[in-house]
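Have a look at the structure below before the remarks.
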Amino acid sequence: MPLDERSTDASEHAGPTSIDTEEESDSGNHSRVDKNNNKGEKQRPPLPPRPKAGLLQSDASPNSPQSVKGLRPSLQSKPTTALSSVDIQTLSFPDGSRGTFSTPGSRLVSESVMGLSTGTSTPSGKASRAGIDMDDTTSLISYAPTLRGNGDLESLLDSGLDSPSPAWKLLSTQSEAANPFESFEYEGPSLHSFDKEFDEIEAVDTKRGNEEELLIQWKSKLKHYIILSSAGKPIYSRHGDQNLINGYIGIIQTIISFFESAKDPLLGFTAGNTRFVVVTQGPLYLFAISKLKETDAQLRAQLDALYMQILSTLTLSNLTHLFTNRPNTDLRRPLEGTETLLSSLSDTFTKGSASSLLSALECLKIRKTQRYVINNTMLKARTPNLLYGLIVAGGRLVSVARPKRHSLHPGDLQLIFNMLFEAGSVKAGGGENWIPLCLPGFNNRGYLYMYVSFISARENAENVAERPSTASSVSQEDEIAILLISAEKESFFELKEMRDDIVEQLEKNGSMDIIKKAVRVGRSSATEMVPGTPLRHFLYKSRANVQFTMPSFSPDFGSALARRKLMNLYHALHASAHAKHAHTKVIHCISTDSVSLVWTTASFEFYCIAGPNTSRAALAQGANKIIQWVKREEERLFIIGGAVF
Amino acid sequence: MADSTPKPSSSVKLVLLGEAAVGKSSLVLRFVNNDFQENKEPTIGAAFLTQKCNLPTRTIKFEIWDTAGQERFASLAPMYYRNAQSALVVYDLTKPTSLIKAKHWVAELQRQASPGIVIALVGNKLDLTNEAGASNSLGDDAESDAADGEDVDGDARKVSTAEAQSYAEEEGLLFFETSAKLGTNVTEVFTAIANAIPETSLKGIRGPGAAAAPARTEDPSRVNLTGPRDSASKEGCAC
């Protein structure tokens, strides 16, 4: 039940924030790193921040923060126009916690992102409220039988947390029961089809006449990515084969071209609960269709990533060349074989990825001294043609070796990680790989060559080093990959030797075992980090390092659906915190099934989520403790500096 | 990677070429790991694998370059076939255009690769024809395969054995029809190549000296081709 109550509060937690930066600070502004970040980060940060994609569009789409509980089939909250503002009342419950609920008030707060971020309220009390509009005097008792009536659709957040008080439960139950026959389109993406989101749509078979059925399937997808050339040739579509969507491609091309020719490029539009976003990149139109309530900026960033994937395959020079010579080039042929990369990238976005949301990377948590040893091993084994060397374990960075003058672009790393860990085409073949690719963030005009070798963290290194397992039984989480990137296309054997050298040294100095152990242990849960914390999940992004850390998704967010709901919330919070004119430092967001907090300072962005009945004080204290924990563990959680040569 | 066998051992560089999706990686995967993956994703760039092949008198260590078949990688191919002593040019025997592409590769190899390179022409996906069972002993596999195809004549073959065979003879290539899925003839291809590598080039001497030595007198067709060819001659005229 999205946003039954929400209070945005900029004043209460603003204490430690010295500077409020809206844009990510570039590597140059160390002076602005505040006291929270005062240890060893004076050196150049290893990864440059990715430039923020376009500004948030203020739009009519329902991209406000929604709760992770959007699955419920009957959604009772009123549409935007029916918003009524409320006053927050605070209840003290017998267990000592406090809860807030609202009564109809007098202030209207827009449902849009901008509204959220700017609609700050004083602690004393008014907040927007987009839901429980029913009569507060209605009997609570009469709704009791429906208390847990949601079956498997019930909140993922309310179970297992400090149980909400009976009164609170009744309140939320009542809100659900309020208007059972009204469904509000804008309210909550209908995530109940989420489990079918990644099912393949079969090919159109004209004999069997299955087109209509397939179109229904196609339309039921929550997310579409379509890429076409400005001449209207289809290039890529996540769902549906060409015969199925050709008509739509034509329509899309017509619409976009119409606006292009009017010198007033179309950026996006809304139809019902679906948002359409357009990105034009030279001869390419990239088109995203989303029912997941992401903001334009977020969708745009996703389309940009797909465009980067295309550049990574072709380079900008080749792409430009192709279309200059023949404007109606069919790009599918030059891109042949990369559909899987585009699809896995798309699916990463649809599933929700903290890494792409934050444009930051996650590192494997190991001791500072251990990382130092690994870094030095890389540096010692370095061969003249090496540009970048990376050790990646379980999708997380262990070590980076890079020249002093170059840092790695997070967008480039995202493409590499996608290729290696999501798409699986490289790993599946076994052996070692030599992959020409363009890293658009590094240089979008030329190819680099990447040596890749996988080592399984499960088995003993001896035999595995020789022959990585090809079986899919080894999950990606257990793979250790050594990536060596060079600009010299003939340097395969040189880098292969370097890899052998690195592996031998890492075995010898025990680092390999440390890495394997860290991979097997995985991420710890929030409770393991700070015992007794009310927080169920959090994201902490270190701005200076362009890296983030988070606890494991299990136990609370183990399933793909639960994860998507969590990511929905993070997306909404992120959008609020990054709204263009919102110099918001702290956002406190309450809904019936979760309480969440965003806290941004010059050195970090922090997003966390707790059970619905967590009081603001408990949440703030929990957040503080986690942040203290991160500070304490900073040099283990993040690669600071890295192996620079 | 150290050779531990008492038999003389030598490395042989082998490159796989052919159109996209003909099954190059699957052949290698079958040979190296005796494994098969349905719907394998396309190779990106190239993969480097090694596998030993034991012959009666010596051990050959294959250093295999499994290249990606997409057009955009074609310009990188010389890097892989340069200095290669052997090449496996693969086509899909259910797809005639892939044989044309294979012929282009053979021509390019004969023009540009080291002289004396041993080239094997391989028609893959024999399991999609209805002679898969006849040509090898994997009867049960073939049956289940036949059960999968709804048609009575589930024969997807579009390139006759005779056509490819005669082309291979013309150009002096080894020739096999294989199924990476069932494992048919896969090891045989590599063994035949190992046998066909001239002794001289095994000393590590590459160049004009090794050029003419035609160790192909082994006549692989005698050993390996009878099966498929016999069955093909029965079915061949049907297509």
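The values are calculated or read from the model by the stated rules, or taken from the named source; none is laboratory data. This one's a predicted model, so the numbers in the text were calculated from it and none came from an experiment. Positions of Cβ are generated from backbone atoms using ideal geometry, with glycine treated the same way; all protein chains shown enter the neighbour counts. To get the accessible areas, we keep the full protein, side chains included, count just its heavy atoms, and leave off ligands, DNA and RNA. Shrake-Rupley method; radii C 1.70, N 1.55, O 1.52, S 1.80 Å.
Just for strands (runs of 3 or more DSSP E) wholly inside region A:217-293: which have at least 3 residues that are closer than 20 Å to A:Leu342 by Cα? Reasoning before the result, please.
Numbers: elements: A:223-229, A:234-237, A:268-271, A:274-281, A:284-290.
Counting at least 3 such residues, we get A:223-229, A:234-237, A:274-281, A:284-290.
Determine which member of the set A:Asn613, A:Asn568 is over 20 Å from the mean Cα position of the chain (by Cα) and within 29 Å of A:Phe194 (Cβ to Cβ).
A:Asn613
Can you run down the residue pairs with Cβ atoms below 8 Å, 6 or more apart or on separate chains, where the first is in region A:385-407 and free of Cβ contacts under 8 Å to residues at least 12 places away in the same chain and the partner is surrounded by fewer than 22 Cβ atoms within 10 Å (Cβ to Cβ)?
Note: no pairs meet the criteria.
Can you find even one residue in region A:425-436 that is under 30 Å from B:Arg30 (Cβ atoms), open to solvent by 20 Å² or more (accessible area, probe 1.4 Å), under 25 Å from the mean Cα position of the chain (by Cα) and within 14 Å of chain B (Cβ to nearest Cβ)?
Yes, some residue in region A:425-436 is under 30 Å from B:Arg30 (Cβ atoms), open to solvent by 20 Å² or more (accessible area, probe 1.4 Å), under 25 Å from the mean Cα position of the chain (by Cα) and within 14 Å of chain B (Cβ to nearest Cβ).
Hey, any hits in region A:413-423 for a residue that's at pLDDT below 85, open to solvent by 10 Å² or more (accessible area, probe 1.4 Å), within 12 Å of chain B (Cβ to nearest Cβ) and closer than 30 Å to A:Gly282 by Cα?
yes
Could you tell me which residue of region B:83-95 is farthest from the other protein chains (Cβ to nearest Cβ), considering only residues that are open to solvent by 10 Å² or more (accessible area, probe 1.4 Å) and out of contact with any helix residue (DSSP H, G or I) (no Cβ under 8 Å at 6 or more places or on another chain)?
B:Lys95
Just to be sure before I move on: is A:Tyr307 surrounded by fewer than 23 Cβ atoms within 10 Å (Cβ to Cβ) and away from chain B (no Cβ under 14 Å) in the structure I sent? Walk me through it before giving the result.
Details: surrounded by fewer than 23 Cβ atoms within 10 Å (Cβ to Cβ): yes; away from chain B (no Cβ under 14 Å): yes.
Here the answer is yes, as A:Tyr307 does meet what is asked.
What tally of residues in region B:49-58 results from selecting those that are more than 10 Å from chain A (Cβ to nearest Cβ) and under 19 Å from the mean Cα position of the chain (by Cα)?
4
Looking only at residues that are assigned to a loop (DSSP other than H, G, I, E, B) and without any contact (Cβ under 8 Å) to a residue 40 or more places away in the chain in region A:310-335, which one is least open to solvent (accessible area, probe 1.4 Å)?
A:Pro334
Does A:Ala643 satisfy the criteria of being in contact with a Gly (Cβ under 8 Å, 6 or more places away or on another chain) and closer than 30 Å to A:Leu379 by Cβ? Write out each step before concluding.
Numbers: in contact with a Gly (Cβ under 8 Å, 6 or more places away or on another chain): yes; closer than 30 Å to A:Leu379 by Cβ: yes.
So A:Ala643 fits the description; yes.
Against the conditions (1) touching a Gly at 6+ places or on another chain (Cβ under 9 Å); (2) within 27 Å of A:Trp218 (Cα to Cα); (3) crowded, with 21+ Cβ neighbours inside 10 Å, where does A:Asn375 fall short? Just the number, please.
A:Asn375 satisfies all of (1) touching a Gly at 6+ places or on another chain (Cβ under 9 Å); (2) within 27 Å of A:Trp218 (Cα to Cα); (3) crowded, with 21+ Cβ neighbours inside 10 Å except (2).
Taking the options B:Leu55, B:Leu76, name whichever one is closer than 23 Å to A:Gly424 by Cα and open to solvent by less than 20 Å² (accessible area, probe 1.4 Å).
B:Leu76
One line per residue, one yes/no per condition, for (1) modelled with pLDDT under 90; (2) within 11 Å of another protein chain (Cβ to nearest Cβ); (3) in contact with a Pro (Cβ under 7 Å, 6 or more places away or on another chain); (4) open to solvent by less than 20 Å² (accessible area, probe 1.4 Å):
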{"position": "B:Lys13", "(1), (2), (3), (4)": "no, no, no, no"}
{"position": "B:Ala20", "(1), (2), (3), (4)": "no, yes, yes, yes"}
{"position": "B:Gly23", "(1), (2), (3), (4)": "no, no, no, yes"}
{"position": "B:Ala47", "(1), (2), (3), (4)": "no, yes, no, yes"}
{"position": "B:Lys61", "(1), (2), (3), (4)": "no, no, no, no"}
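Using beta carbons and a limit of 8 Å, which pairs, at least six apart or on different chains, have the first residue in region A:551-566 and free of Cβ contacts under 8 Å to residues at least 40 places away in the same chain and the second one open to solvent by less than 10 Å² (accessible area, probe 1.4 Å) and of a type outside the set (Gly, Ala, Ser)?
A:Pro551/A:His537; A:Pro551/A:Phe538; A:Phe553/A:His537; A:Phe553/A:Leu566
Show me the helices (runs of 4 or more DSSP H) found entirely inside region B:157-239 where at least 2 residues are among the charged types (D, E, K, R) and modelled with pLDDT of 50 or more.
B:161-171
Out of region A:459-511, which residues are in a loop (DSSP other than H, G, I, E, B) and modelled with pLDDT of 50 or more?
Of everything in region A:459-511, those that are in a loop (DSSP other than H, G, I, E, B) and modelled with pLDDT of 50 or more turn out to be A:Glu459, A:Ser475, A:Ala487, A:Glu488, A:Lys489, A:Glu490, A:Ser491, A:Asn509, A:Gly510.
Just to be sure I understand, how many residues within region B:101-132 are outside any loop (DSSP other than H, G, I, E, B) and open to solvent by less than 30 Å² (accessible area, probe 1.4 Å)?
Of region B:101-132, the ones outside any loop (DSSP other than H, G, I, E, B) are B:101-112, B:118-124, B:126-128.
Subset that is open to solvent by less than 30 Å² (accessible area, probe 1.4 Å): B:102, B:105-106, B:109, B:118-124, B:126-127.
The qualifying residues number 13.
Looking at (1) buried (at least 21 other Cβ atoms within 10 Å of the Cβ); (2) part of a loop (DSSP other than H, G, I, E, B); (3) not hydroxyl-bearing (Ser, Thr, Tyr), can you tell me which one A:Leu357 breaks?
(2)
Kindly indicate whether any position in region A:286-296 is open to solvent by 40 Å² or more (accessible area, probe 1.4 Å), hydroxyl-bearing (Ser, Thr, Tyr) and in contact (Cβ under 8 Å) with a residue 24 or more places away in the chain.
For region A:286-296, residues open to solvent by 40 Å² or more (accessible area, probe 1.4 Å), hydroxyl-bearing (Ser, Thr, Tyr) and in contact (Cβ under 8 Å) with a residue 24 or more places away in the chain: absent.
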